[in-house]
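The values are calculated or read from the model by the stated rules, or taken from the named source; none is laboratory data. Everything numeric in this text was worked out from a predicted model, so none of it was measured. So basically every Cβ, Gly included, is an ideal-geometry build from the backbone, and we count neighbours across all protein chains shown.
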Amino acid sequence: MAEPLIFAIPKGRILDEALPLLASVGITPAGEFFDKANRSLMFATNQAHVSIIRVRAFDVATFVAHGAAQIGIVGSDVIEEFDYSELYAPVDLGIGRCRLSVAQPKDDAEQVGNVSHLRVATKYPNLTSRYFESKGIQAECVKLNGAMELAPSLGLSRHIVDLVESGSTLKANNLVETDRILDISGRLVVNRAAYKMRSAELTPLVQKFREMAGQA
């Protein structure tokens, strides 16, 4: 019997929007998936040949890129941060829309364009470094996994690069968005080698997502 296809989906903000998309292409997780007390990370689905793993968004890209999972859903921010050559992102699913932006304290008069070096707190050191390098600025990135908005008020950095949806969290922490780096949405990602070797399974599945997203 063939190995099951492993479908990686992210915990967090994209998950609630991803589940209806999975259902629309005929994949429904087993009941245990929805049990908040269940600590499992891998789940069966209504498709005997498809299993789901639920992992952190950044790990979706790693699992798929290295072939531990063959297909997944993840934000374009993660795809751009890691820039894995093994990842193929054939479908923009149009979910999880937000942006990756630079922000700083509202009362900070320093303009980014007037400096050659700055410290930035971010979860995205690669994207951040590339962005500021394109402006001729050397960015010293302080890697944080959350609570970025605290960094300026506690003296860790004057600038942050973080995901922004409504901007209310920035406002609540006396920060203002000063530049937009990247518009973000959820994407279907596939391992390139698996897409060739297991094309009989993956190609029809990718096509269903394309049709669902209106990109057929």
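Per the listing Val50, Val55, Val60, Val78, the residue uniquely modelled with pLDDT of 95 or more and in contact with a helix residue (DSSP H, G or I) (Cβ under 6 Å, 6 or more places away or on another chain) is Val78. For the stretch 112-145, a residue qualifies if it is under 15 Å from Arg180 (Cα atoms), out of contact with any strand residue (DSSP E or B) (no Cβ under 8 Å at 6 or more places or on another chain) and not in a loop (DSSP other than H, G, I, E, B), and the qualifying residues are Gly113, Arg130, Ser134. In the condition set (1) of a type in the set (A, V, I, L, M); (2) crowded, with 17+ Cβ neighbours inside 10 Å; (3) more than 11 Å from the chain's Cα centre (by Cα); (4) not assigned by TED's automatic domain parsing to the domain that holds Arg119, Ala103 is compliant with all but (4). For the residues Asp83, Asp92, Asp59, the requirement of being charged (D, E, K, R), under 14 Å from the mean Cα position of the chain (by Cα) and on the phi > 0 side of the Ramachandran plot singles out Asp83. Within the stretch 25-43, being in a loop (DSSP other than H, G, I, E, B), touching a helix residue (DSSP H, G or I) at 6+ places or on another chain (Cβ under 9 Å) and either modelled with pLDDT under 95 or of a type in the set (A, V, I, L, M, F, W, C) (or both) holds for Val25, Ile27, Asn38, Ser40.
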